[in-house]
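Colleague: Next up is a structure, given as structure tokens.
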Amino acid sequence: MATFGIYEKALPKNISWYERLTLAKKLGFDFVEMSIDESDERLKRLLWSKEEREDLRNAIFSVGVPILSICLSGHRRFPLGTKDKATQEKAILMLKQAVDLASDLGVRQIQLAGYDVYYEEKSMETRNNFIENLKKCVAIASEKNVVLAIEIMDDPFINSITKFLQIKEQISSPYLQVYPDLGNLSAWSENNPAYELERGIGSISAIHLKDTLAVTDTFKGQFRDVPFGTGCVDFVGLLKTLKRLEYNGSFVMEMWSENAENPEQEVEKSWEKVSKWLKEANYLDKD
């Protein structure tokens, strides 16, 4: 059976990891996806002491809910494709630190954002830098059996599995996989989301469940904070496609309700919708 996780940023922010894992269990999830974003607060996790890592491991064992993936979106601030050599070195160091953390915590994979650069102008040079530095990162991750999974993004650089596979052809490693976000995959008019899943099924290591509003000639799209069922994603159709393709990996419900008045209630409302679609696609037992 597939496993179902919840993104850390869906849960209350100012609680302990023991409380966060306990709440995830209460809400019916199998695991939590940790966020290491571009904020100084979360980047400090890369420098956690041995004691801090041990405390989290103890919480995981005590609650029985693991952290199976890390979303390392901090590379948006320190991108692999940047022209600045010092920033490139910082980005690679961050990846090494994240791999060490993942290894210590029992995390299986690190999700990397599919940006060459985010705050800079894109060019052939930034694309080349991204690929060259990604090769180094994959080599680092493979030493500790940690998978790097590129998320399909809200950015034209890698907004399809097809574009990921063009890079995968140049880095032939089982430790480089793809992490499709069904929302991001569906928001771009040039994509046929079902075909993209069919084409890339052999490289998919996890799936993000998120709704989006589509990109048009007059609208840049909306890639977060779209309530489930109000966007452009055909969840039942895509989940049935994945079921036909015999995908049996993990799904993560991605939300940003950590600062909401009642994050638990927001997650419950969303999971009610999402679990219904999962049941229709036979990923969850029907009542």
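We did not get these values from a lab; they are worked out from the coordinates using the rules stated. Quick caveat, the model's predicted, so the values are computed rather than measured. Glycine gets a Cβ as well: all are built from the backbone with ideal geometry, and neighbour counts include every protein chain shown.
Colleague: What is the packing order of peptides 97-105, 119-127, 176-184, taking the mean over residues of other C-beta atoms within 10 Å and listing the highest first?
Modeller: The peptides rank, most packed first, as 176-184, 97-105, 119-127.
Colleague: Using 0.36 nm per residue, how much length does the chain from E268 to F61 gain when fully extended, once their Cα-Cα distance is taken away?
Modeller: My answer for the length gained is 72.1 nm.
Colleague: Just to be sure I understand the model, the point goes 7 Å from the Cα along the line to the Cβ. What's the resulting F219 to N259 distance in nm?
Modeller: It is 2.5 nm.
Colleague: Which of these, L21, L245, L56, has the largest mean-square fluctuation under a Gaussian network model of the chain (Cα springs below 10 Å)?
Modeller: Looking only at L21, L245, L56, the biggest GNM fluctuation is shown by L245.
Colleague: Another question, if that's okay. Treating cross-link reach as a plain straight distance, find the lysines whose alpha-carbon is under 16 Å from the alpha-carbon of K286, omitting any fewer than eight places away in the same chain.
Modeller: Reachable lysines: K240, K243, K273, K276.
Colleague: Could you tell me which of the pairs K136/K210; K13/K50; K25/K210; K168/K269; K25/K163 are separated by over 27 angstrom between their Cα atoms in the structure shown?
Modeller: Table pairs above 27 Å Cα-Cα are K136/K210; K168/K269; K25/K163.
Colleague: Show which aspartates and glutamates lie in cross-link reach of K279 when reach means a straight Cα distance below 12 angstrom and same-chain residues fewer than eight apart are skipped.
Modeller: D287
Colleague: Between D30, D234, D84, which gets the highest mean-square fluctuation from a Gaussian network model of the chain, Cα cutoff 10 Å?
Modeller: D84
Colleague: Count neighbours as other Cβ atoms within 10 Å of each site's Cβ, and list the GluC sites (Glu not before Pro) in the range 180-267 that are DSSP loop with at most 10 such neighbours.
Modeller: Of the GluC sites (Glu not before Pro), the ones in loops of the range 180-267 whose Cβ has at most 10 other Cβ atoms within 10 Å are E190, E246, E261.
Colleague: Determine the percent antiparallel among the DSSP beta bridges restricted to the range 3-280, to the nearest 5.
Modeller: Antiparallel: roughly 5 percent of the beta bridges in the range 3-280.
Colleague: Can I ask one more? Which of rounded, prolate, oblate describes the range 138-258, given a ≥ b ≥ c as roots of the alpha-carbon gyration tensor eigenvalues and a/c under 1.5 marking rounded, otherwise prolate only if a/b is larger than b/c?
Modeller: Verdict is prolate for the range 138-258.
Colleague: Right, another one. Measure off 7 Å from each Cα along the Cα-to-Cβ vector at T230 and S123, then give the distance between these two points in nanometres to one decimal.
Modeller: 4.1
Colleague: Could you give the size of the charge dipole of the range 3-280 about its Cα centre, using +1 on the Cβ of each K and R and -1 on the Cβ of each D and E, expressed in debye and rounded to the nearest 20?
Modeller: 540
Colleague: Then there is this: Under a Cβ-Cβ cut-off of 10 Å, what is the net charge of the residues other than S123 that fall near it, where Lys and Arg count +1 and Asp and Glu count -1?
Modeller: So the surrounding residues net to -1.
Colleague: Compute the projected area of the convex hull of the Cα atoms of the chain, averaged over all viewing directions, and report it in nm² to one decimal place.
Modeller: Averaging across all directions leaves 14.6 nm² for the Cα convex hull.
Colleague: Mind giving me the nanometre distance, one decimal, between the label points for N248 and K26, set 7 Å out from Cα along Cα→Cβ?
Modeller: The two pseudo-label positions are separated by 3.3 nm.
Colleague: For Q177, which sequence-distant residues (separation of 5 or more, or a different chain) have an amide H within less than 5 Å of its own amide H, given hydrogens modelled in the peptide plane?
Modeller: Result for Q177 returns L148, A149, I150.
Colleague: Which translational diffusion coefficient, to the nearest whole µm²/s, is obtained for the range 63-107 from the Stokes-Einstein equation, given a Kirkwood hydrodynamic radius over C-alpha pairs, 10 °C and 1.306 mPa s?
Modeller: Answer, rounded: 138 µm²/s.
Colleague: In the structure displayed, which of K85/K144; K9/K90; K96/K220 lie more than 28 Å apart, Cα to Cα?
Modeller: Beyond 28 Å between Cα atoms: K96/K220.
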